[in-house]
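J.: Before I ask anything, let me first share the structure, which is written out below as C-alpha cells.
FYI, it's all coordinate maths here, none of it is from the lab. All of these numbers come straight from a predicted model, not from anything done at the bench. Cβ: placed from backbone, ideal geometry, glycine included. Neighbour counts: every protein chain shown.
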Amino acid sequence: MSTYLTADRFGTPTNAKKYTLAVWFKLARNTNNYILSYNYGSGNIGIAISVRSSDQTLRVNEYVPGSDRYDVRTNRVFRDYGAWYHLVVAYDSAQSTAADRVKIYINGVQETSFAASSYPSQDLDSFTSATPNNNKGFLIGALYNSSGNIDAGNYFTGYMSQFIFVDGTTYTPSTFGSTNANGVWIPNASPSVTYGTNGFKLEMKNSGASAAAGNFGADTSGNNNHFTSNNLGTNPNTKDSPTNVFATWNPNTAFRSTSFNGTAGGSIAGGGLKAIGGGGAVSIGFASTIAVNSGKWYAEFKAAATNYTQFGVGDVNTWTNTYGIGGASKAQIYGANVIGWDRTIYYINSTSSTSGGTTFSDGDICQIAIDADSRKVWFGVNGTYNSSGNPAGGSNEIGTVTGTGPLVFLCRPESTNVLANFGNSPFTIASGNADANGYGSFEYAVPSGFYALCTKNLGQYGG
C-alpha cells in the first residue's frame, strides 16, 4: 500500500507559461518514484516529475501522445537513501533562451549537466492549461496510466515535506530554503510567494483523508486547494524531516549468503522502515542508513517470528562479507565482526551461544541497545533485556562486536518482514517514549544515556 494525493485542477491558470514546484523528498528504495504527475490519460497532455528506477536520475517531462513537448533529465543520480533532497523546478516558457525555460535546482544549486535536454518551445502553455482527463488533475506520489487509472507500479516510496506549487510565477530556491551555519540547506518555514489560482502548499500534517482543511492533504497557502489522501495507513506522519533525519533500512546494502545458489529475494517498503523477506534461506538482509562510531544508541524492531528472522549489529567495514551459514540451511547474520540474534541463538563474532533468555514471538517488540565506544550490544524483548542486561549500567551485554569500524544495525526478514523503529516508528506506539533530548517515539523507555538514531543526536554525540 502506498500513499498518494489527488486533486482536480482548481481553476483557470493565472499564467500557463509559468510555474514553480518546490518540494523536499527522501527516497526509500530504487523504483520509479513519481513526485508529481498531472493530466495523464488517453488523448491528453501530461507532465511527470520523477526519479527513474533505470538509472536513478531525475526527469521532468511533458507529454502529448507520440512525443514529448519537453524532456529534461539530470546526470546527477539520487542514490542516497539517508538524505533529504530539496527540488525546485522553475518553468518559464517566455524566456528567449531555451535552456532558461526549464530550470532544475537541487539543495539550492542549479543543475547544469543533463542526460537529456529537450526544452519547450517559446511561450508554450504549461500542463496546467489543459483540461484534466476525467477530472483527474494533480497527482502527488503516483502516476496515471493511459487509461486514467493509478499505475500500481509507479508509486513514490519515501517521504515528502513542504510541497509547494506556484501558478503564474517562477521563483529561485532562496525563496524556499537557505544555508545554515553548518553549510546545510534547510527549509524556510514560511516562504513568501504569490501562489496564483492553482497554487498550493501542503505540509502533510494530521491524518484525515478527505479534501478538507486540517487533513493530511490540506492546502495551507490560503487558496484552500485541498487534496484527497489515499492509502494513508495508520502512521502517515513522520518524525523524519529535512532538519532531523532518522535512520532507515538501506537498499544499497542488501546482502545474502554466498553459500546459496540462486538470487536472494526481498525488498524495502514503508518509508524504508519495512524490510520484506523473499522467503527461506536466501532472503535478503539490510543494514541501517546511519553508522555510528561513538555514543550510545537505541532502536526497536517488530517482526513475525520465524526460524530465519534475525536482528544484529555489525562492523560497517566488514559486515558485507561476514554473514554465513548457521545450522543446516540458514543464512545467518553471522561473522567475525557481527553479533546476530535469531530468537533462540546468539551468533557472537563467529561463535554461537545458546544462553538467550527470553525469545521473541509474533507481535513482540524487540530492543537493541549499542554502546559504540565500548562496542557492547544488548538485546531485549518487550521491555526486558536478555541475560539480565543493563545498558544504562553498562553490564551483562550479549557481547562485544570485534573490529574497529563504525557499527550498523542489521536485519534479515526471511519470508515475512521486519519493521524498524529508529525513533520514527512505522508501527503504532502505545506509550510514546522519547530519548532524553526529546527525539523519537518508542514503545519502551530508552535506557539512560542512549539516544534515537537521528542526525541531531549524531551532531551532539559524534556518532
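J.: With a sphere of radius 12 Å drawn around the Cβ of PRO187, what net charge do the other residues whose Cβ falls strictly inside it have (Lys, Arg +1; Asp, Glu -1)? Provide the component values of the computation, followed by the final result.
T.: Details: positive: LYS201; negative: GLU203.
Computed value for this residue: 0.
J.: How much length, in nm to one decimal, is gained on full extension between SER207 and ALA83, taken as 0.36 nm per residue of separation minus their Cα-Cα distance?
T.: Full extension of this stretch gives 42.2 nm more.
J.: Give the shape of segment 1-113 as rounded, prolate or oblate, defined through the alpha-carbon gyration tensor: a ≥ b ≥ c are the square roots of its eigenvalues, a/c under 1.5 means rounded, and otherwise the shape is prolate if a/b is larger than b/c and oblate if not. List each step's numbers first, then the result.
T.: Values: a/c = 1.56, a/b = 1.21, b/c = 1.29.
Here segment 1-113 falls in the oblate category.
J.: Further question: Between THR358 and residues 5 or more places away or on another chain, which pairs have amide H atoms under 5 Å apart, with H built 1.01 Å from N, and which residues are they?
T.: Under 5 Å from the amide H of THR358 lie the amide H atoms of SER387, each far enough along the sequence or on another chain.
J.: Turning to a different aspect of this structure: Grab the other residues whose beta carbon is less than 11 angstrom from that of PRO406, score K and R as +1, D and E as -1, and report the net.
T.: Combined, the nearby Lys, Arg, Asp and Glu give 0.
J.: Let me ask another. Computed from the mean reciprocal separation of all distinct C-alpha pairs, what Kirkwood hydrodynamic radius does the chain have, in Å?
T.: Hydrodynamic radius (Kirkwood, Cα pairs) of the chain is 23.3 Å.
J.: What spacing in nm lies between the two simple spin-label points modelled at ASP55 and THR351, each 7 Å away from Cα in the Cβ direction?
T.: Going by the 7 Å Cα→Cβ label model, 5.2 nm.
J.: State, to one decimal in nm, how far the label point of ASP100 lies from the label point of THR197, with both points 7 Å from Cα in the Cβ direction.
T.: Each label point lies 7 Å from its Cα, and together they span 2.7 nm.
J.: Go ahead and estimate [θ] at 222 nm for the chain from helices alone: -39,500 (n - 2.57) per DSSP H run with n ≥ 4, summed, over the residue count, rounded to 500. Mind dumping the intermediate values first?
T.: On the way: 1 runs with 7 residues, N = 463.
Roughly -500 deg cm²/dmol at 222 nm, from the helical runs in the chain.
J.: Per residue Cα convex hull volume for segment 4-230, in cubic angstrom?
T.: Cα convex hull per residue, to the nearest whole number: 121 Å³.
J.: Given Cβ point charges of +1 (Lys, Arg) and -1 (Asp, Glu) and nothing else, what value in debye, to the nearest 20, does the dipole of the chain about its Cα centre take?
T.: Rounded to the nearest 20 debye, it is 240 debye.
J.: Normalised by the residues of segment 4-230, what does the relative contact order come to in percent, with Cα pairs under 8 Å and at least six apart?
T.: Computed over segment 4-230, the figure is 27 percent.
J.: To continue, here is another question. What ranking of ILE47, ILE345 emerges when the number of other C-beta atoms within 10 Å of each C-beta is taken as an exposure proxy, fewest first?
T.: ILE345, ILE47
J.: Could you sort out which of LYS26/LYS376; LYS302/LYS376; LYS18/LYS456; LYS103/LYS205; LYS239/LYS376; LYS239/LYS302 sit more than 26 Å apart by Cα distance in this structure?
T.: LYS26/LYS376; LYS18/LYS456; LYS103/LYS205; LYS239/LYS376
J.: Let me ask another. Suppose a student asked you for the relative contact order of the chain, using Cα pairs under 8 Å spaced at least 6 residues apart; what percent would you report? The partial results should precede the final answer.
T.: Values: 1325 pairs, mean separation 67.2, N = 463.
It rounds to 15 percent for the chain.
J.: Here is a follow-up. Using a cut-off of 12 Å between alpha-carbon atoms, which aspartates and glutamates can reach LYS201, once sequence neighbours fewer than 8 places away in the same chain are excluded?
T.: ASP167, ASP219
J.: Step through the residues of segment 336-342 one at a time and calculate ³J(HN,Hα) from phi using the Karplus curve (6.51 cos²θ - 1.76 cosθ + 1.60, θ = phi - 60°), rounding each to whole Hz and writing x for Gly and Pro.
T.: Karplus-based 3J(HN,Hα) across segment 336-342 equals 5, 10, 9, 10, x, 9, 10 Hz.
J.: Based only on other Cβ atoms within 10 Å, what is the fewest-to-most ordering of LEU143, LEU407, LEU453?
T.: By the 10 Å Cβ count, ascending, the order reads LEU143, LEU407, LEU453.
J.: Next question, about the same structure. So who's got an amide H within less than 5 Å of the one on ILE345, skipping anything under 5 residues away but keeping other chains? H placed 1.01 Å off N, in plane.
T.: For ILE345, whose amide H was placed from the backbone, there are no distant partners under 5 Å.
J.: Could you give me the ³J(HN,Hα) list for segment 366-377, computed from phi with Karplus coefficients 6.51, -1.76, 1.60 and θ = phi - 60°, whole Hz, x at Gly and Pro?
T.: 9, 10, 10, 10, 10, 9, 5, 6, 8, 6, 7, 10
J.: Whole Å is fine, so just give me how far the alpha carbon centre of segment 186-204 lies from that of segment 381-400.
T.: First find each Cα centre; the distance between them is then 48 Å.
J.: Net charge near ALA211, counting Lys/Arg +1 and Asp/Glu -1 over other residues with Cβ under 10 Å of its Cβ?
T.: Neighbour charge sum, excluding ALA211 itself: -2.
J.: Mind listing the phi-derived Karplus ³J(HN,Hα) values for segment 236-249, rounded to whole Hz, using 6.51, -1.76 and 1.60 with θ = phi - 60°, and x for any glycine or proline?
T.: With coefficients 6.51, -1.76 and 1.60, one gets x, 7, 9, 8, 5, 8, x, 9, 8, 8, 9, 5, 9, 6 Hz.
J.: For SER178 and SER113 in one chain, what is 0.36 nm times their gap in residues minus the Cα-Cα distance, to one decimal in nm?
T.: 21.1 nm
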